[in-house]
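Here's the structure we're looking at; comments come further down.
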2 protein chains.
Amino acid sequence: MAPIRNARVLFSSVPKDFPVPGETTVYDTSQTIDIDTVPLNGGFLIKTLVLSVDPYFRGRMREPEAESYSSSFPLGESLDGYGVGKIIRSEDSAFPAGKYVYGPSLPHQEYSVLSSNPDSDMMFIIEKDPKLPWTAFVGVAGMPGQTAYMAWKEYSNAKKGEIAFVSTGAGPVGSMVIQLAKRDGLRVIACAGSDEKVKFMKDIGADIAFNYKTTDTREVLKKEGPIDIYWDNVGGVILDAALEFTAVYGRFLICGMISGYNTGLKGIKNLALAYPKSITLHGILIFRLFSKYKDEFYATVPPLLASGEIKYKEDVSRGLETVGDVILAVQEGRNNGKAVVIVAEE
Amino acid sequence: MAPIRNARVLFSSVPKDFPVPGETTVYDTSQTIDIDTVPLNGGFLIKTLVLSVDPYFRGRMREPEAESYSSSFPLGESLDGYGVGKIIRSEDSAFPAGKYVYGPSLPHQEYSVLSSNPDSDMMFIIEKDPKLPWTAFVGVAGMPGQTAYMAWKEYSNAKKGEIAFVSTGAGPVGSMVIQLAKRDGLRVIACAGSDEKVKFMKDIGADIAFNYKTTDTREVLKKEGPIDIYWDNVGGVILDAALEFTAVYGRFLICGMISGYNTGLKGIKNLALAYPKSITLHGILIFRLFSKYKDEFYATVPPLLASGEIKYKEDVSRGLETVGDVILAVQEGRNNGKAVVIVAEE
């Protein structure tokens, strides 16, 4: 077969604050690939089906010399992230043609040659639940849902009747946390940045849901708290409010601080309450919990999604050309549900 | 016997920033007591022997309506704090005359009538180790030493070969932490605010000791870190430096933040490193660890002090009239060793 287009999304320049679609990332169609003859070098060729766009992307859009937990996107090369692809050709018996692969570093291009990493269990063959779309497997049944599930199990020490407060409660992480907390018998306070998101948080069981842009978080927590568990995806003034209105022995699960990703983080003023309140705080990174909970997660969560016992919401866009806009929407909180990009149907 | 003087230290006004001896606290000799006839109401009368002056005093020098983990000092009444007294008369069989009592709320006056609290194990009869002065029992063998010992046992998860960083390493808490870390086989970095304190920290085993006023904490930790455990007594920029140069899975034991007690705390900028580094942070309050470790502490620590295996340093002053100055010295870090006040010999 002749070479065909292999469109991709390039990382073109480091954003000053918010990413600029078409400038900091560029959709590029100049590359071609011959899928029958491209050398595999012991690896395998995938056709990309779905890709996830996540808040942590902003942290990777940086100068390469700045250290972080995740590598920077290489300038002039394709973005990469969580995704699912169909294996078209393979020289790796662990990743045979016809199967589907899930992994954290799928290039944002239509076709890619990948090689397995024997030191990591983060990329693997994945079975599709027939009742769920592939998009779910990069969202509520992928990294975000796993982050929520695994860290909640590991660190929340949740007890029936306690009060949990969840930020970004309409996103794929927060909405899973809300539902896990409800399943454990907690009262749940949740916030997000639009009235539509507030409605969704109520639909999935939040006892108190509010729009932090129009309602003062401190007033809500003063009235409805003190809280026992705080799940933080935002940092800044909401984290400070949670510290102020936590109960003694409060557990803080720190998963992200998107309030500071684009414009710099506000200093946290209330951390001095850690000792009078005997607070415990845990920083969460999925890599470090994954092996322990992987099997349990896949045995538990997809069936609960398929049966509707755990609900989720996706904000689906189609085509690699939408990735730049989706990245910005996620940083601005304009997505309504887990942001996923369908690159191709099977 | 005729009434005698019962001198005391009154809390007179809330400090604006640093306490002002003679203004925010006043030494008062107008009160008298008849120690033979003063009603005990089921309690007991003590002669105060030693009192502890601690950093947390500043937090209690506040308006009564401000909530905190410790009660505010009542305006116009005696200060109170950790101390040891000799029981002179008693109507409480659990606190018989002739014995010595240790407790967290001994009034800063020469004589006091106390009553036991059945809900608290914080005040109790204490046996003196003949090789140790009473002052040690409000310092390295009292609340500060207990705070260090109990929280280190509970939260440090220390492993041989790891690196610990200790702030206020010449004080009674920090110097105990340094020595516990060394006994557990760790490498210890410690800081304090004078060259004399640096010398003491080296004498008790710190591998790296520096004066944070003349040496950049970030430079030290960049060179000698990353650290595995940080014991925080100061907050502010030193805590931020520790967050920056912690290893993955760093444990942060937050015991106090004296950098902010008098002039307000700087916002913590680097807490967003909690998730990439999978940091765990524990707020420490002695009340909540005391019952679990009390017996172990008294069986272990006083003998190690008496034998010289654990060293300590005291900054002893004499007479209740010195309390106001000692409070200020502690807030300014001018004390050299645990600040204790000898009120009376037996």
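The values are calculated or read from the model by the stated rules, or taken from the named source; none is laboratory data. None of the values given here were measured: they were computed from a predicted structure. In this analysis, Cβ positions are derived from the backbone assuming ideal geometry, glycine residues included, and neighbour counts consider all displayed protein chains.
Summary of values
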{"read-out": "Hits in the range A:246-264 - residues which are of a type in the set (A, V, I, L, M, F, W, C), over 21 Å from A:PRO172 (Cα atoms) and facing chain B (nearest Cβ under 9 Å)", "value": "A:VAL248"}
{"read-out": "A:VAL326 of a type outside the set (Ser, Thr, Tyr), in contact with a Leu (Cβ under 6 Å, 6 or more places away or on another chain) and surrounded by 15 or more Cβ atoms within 10 Å (Cβ to Cβ)", "value": "no"}
{"read-out": "Qualifying residue in the range A:190-208 (condition: among the β-branched types (Val, Ile, Thr), farther than 22 Å from B:LYS266 by Cβ, without any contact (Cβ under 8 Å) to a residue 60 or more places away in the chain and away from chain B (no Cβ under 14 Å))", "value": "yes"}
{"read-out": "Criterion (surrounded by 24 or more Cβ atoms within 10 Å (Cβ to Cβ) and not in a loop (DSSP other than H, G, I, E, B)) met by exactly one of A:ALA170, A:ALA141, A:ALA148", "value": "A:ALA148"}
{"read-out": "Candidates A:ARG89, A:ARG58, filtered to the one that is among the basic types (Lys, Arg) and in contact with a helix residue (DSSP H, G or I) (Cβ under 9 Å, 6 or more places away or on another chain)", "value": "A:ARG58"}
{"read-out": "B:ALA241, sole failed condition from (1) modelled with pLDDT under 95; (2) buried (at least 22 other Cβ atoms within 10 Å of the Cβ); (3) of a type in the set (A, V, I, L, M, F, W, C)", "value": "(1)"}
{"read-out": "Answer residue from the range B:246-266, given it is outside any helix (DSSP H, G or I) and of a type in the set (Ser, Thr, Tyr) and is farthest from B:MET176 (Cα to Cα) among those", "value": "B:THR263"}
{"read-out": "Filter result for A:MET122 (surrounded by 16 or more Cβ atoms within 10 Å (Cβ to Cβ), within 27 Å of A:MET176 (Cβ to Cβ) and modelled with pLDDT under 95)", "value": "yes"}
{"read-out": "Condition met for B:GLY319 (away from chain A (no Cβ under 14 Å) and under 18 Å from B:GLY171 (Cβ atoms))", "value": "no"}
{"read-out": "Qualifying residue in the range A:210-231 (condition: under 30 Å from B:SER72 (Cα atoms), modelled with pLDDT of 95 or more and touching a Cys at 6+ places or on another chain (Cβ under 7 Å))", "value": "yes"}
{"read-out": "Residue match in the range A:285-292 (condition: closer than 20 Å to A:VAL177 by Cβ and of a type in the set (Ser, Thr, Tyr))", "value": "no"}
{"read-out": "Check on A:ASP325, charged (D, E, K, R), within 25 Å of A:PHE200 (Cα to Cα), outside any loop (DSSP other than H, G, I, E, B) and in contact (Cβ under 8 Å) with a residue 40 or more places away in the chain", "value": "yes"}
{"read-out": "Residue count, the range B:265-306 (criterion: free of Cβ contacts under 8 Å to residues at least 40 places away in the same chain, within 12 Å of chain A (Cβ to nearest Cβ) and not hydroxyl-bearing (Ser, Thr, Tyr))", "value": "16"}
{"read-out": "The range B:225-245 - residue that is within 11 Å of chain A (Cβ to nearest Cβ) and not in a helix (DSSP H, G or I) and, of those, farthest from the chain's Cα centre (by Cα)", "value": "B:GLY235"}
{"read-out": "Contacts under 8 angstrom Cβ, first residue in the range A:150-170 being more than 21 Å from A:TYR312 (Cβ to Cβ), partner outside any loop (DSSP other than H, G, I, E, B) and among the basic types (Lys, Arg), 6 or more apart", "value": "A:GLU154/A:LYS292; A:TYR155/A:ARG251; A:ASN157/A:ARG251; A:GLY161/A:ARG187; A:GLU162/A:ARG187; A:ILE163/A:ARG187"}
{"read-out": "Filtered residues of the range B:19-49 (kept if more than 13 Å from B:SER112 (Cα to Cα) and surrounded by 15 or more Cβ atoms within 10 Å (Cβ to Cβ))", "value": "B:PRO19, B:VAL20, B:PRO21, B:THR24, B:THR25, B:VAL26, B:TYR27, B:ASP28"}
{"read-out": "Selection count where residues are β-branched (Val, Ile, Thr) and over 22 Å from A:LYS47 (Cα atoms), scope the range A:307-346", "value": "2"}
{"read-out": "Among residues of the range B:293-318, those that are more than 12 Å from B:LEU132 (Cβ to Cβ) and assigned to a strand (DSSP E or B), counted", "value": "4"}
{"read-out": "Among (1) surrounded by 14 or more Cβ atoms within 10 Å (Cβ to Cβ); (2) over 19 Å from A:ASP295 (Cβ atoms) - the single one A:GLY161 does not satisfy", "value": "(1)"}
{"read-out": "A:GLU23 vs. criteria farther than 25 Å from A:ILE286 by Cβ, of a type outside the set (Lys, Arg) and without any contact (Cβ under 8 Å) to a residue 12 or more places away in the chain", "value": "yes"}
{"read-out": "Selection within the range A:237-263 - over 18 Å from B:GLY283 (Cβ atoms) and in contact with a strand residue (DSSP E or B) (Cβ under 8 Å, 6 or more places away or on another chain)", "value": "A:ILE238, A:CYS255, A:GLY256, A:MET257"}
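Residues checked against (1) in contact with a strand residue (DSSP E or B) (Cβ under 6 Å, 6 or more places away or on another chain); (2) outside any loop (DSSP other than H, G, I, E, B); (3) under 21 Å from B:SER259 (Cα atoms); (4) of a type in the set (Phe, Trp, Tyr):
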{"position": "B:VAL188", "(1), (2), (3), (4)": "yes, yes, no, no"}
{"position": "B:ALA206", "(1), (2), (3), (4)": "yes, no, no, no"}
{"position": "B:PHE210", "(1), (2), (3), (4)": "yes, yes, yes, yes"}
{"position": "B:ARG218", "(1), (2), (3), (4)": "no, yes, yes, no"}
{"position": "B:LYS223", "(1), (2), (3), (4)": "no, yes, no, no"}
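Yes/no per residue for (1) farther than 27 Å from B:ASP232 by Cα; (2) assigned to a loop (DSSP other than H, G, I, E, B):
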{"position": "B:LYS16", "(1), (2)": "no, yes"}
{"position": "B:LEU45", "(1), (2)": "yes, no"}
{"position": "B:GLU65", "(1), (2)": "yes, yes"}
{"position": "B:GLY81", "(1), (2)": "no, no"}
{"position": "B:VAL84", "(1), (2)": "yes, no"}
{"position": "B:ALA97", "(1), (2)": "yes, yes"}
{"position": "B:PRO104", "(1), (2)": "no, no"}
{"position": "B:SER116", "(1), (2)": "yes, yes"}
{"position": "B:ASP121", "(1), (2)": "no, yes"}
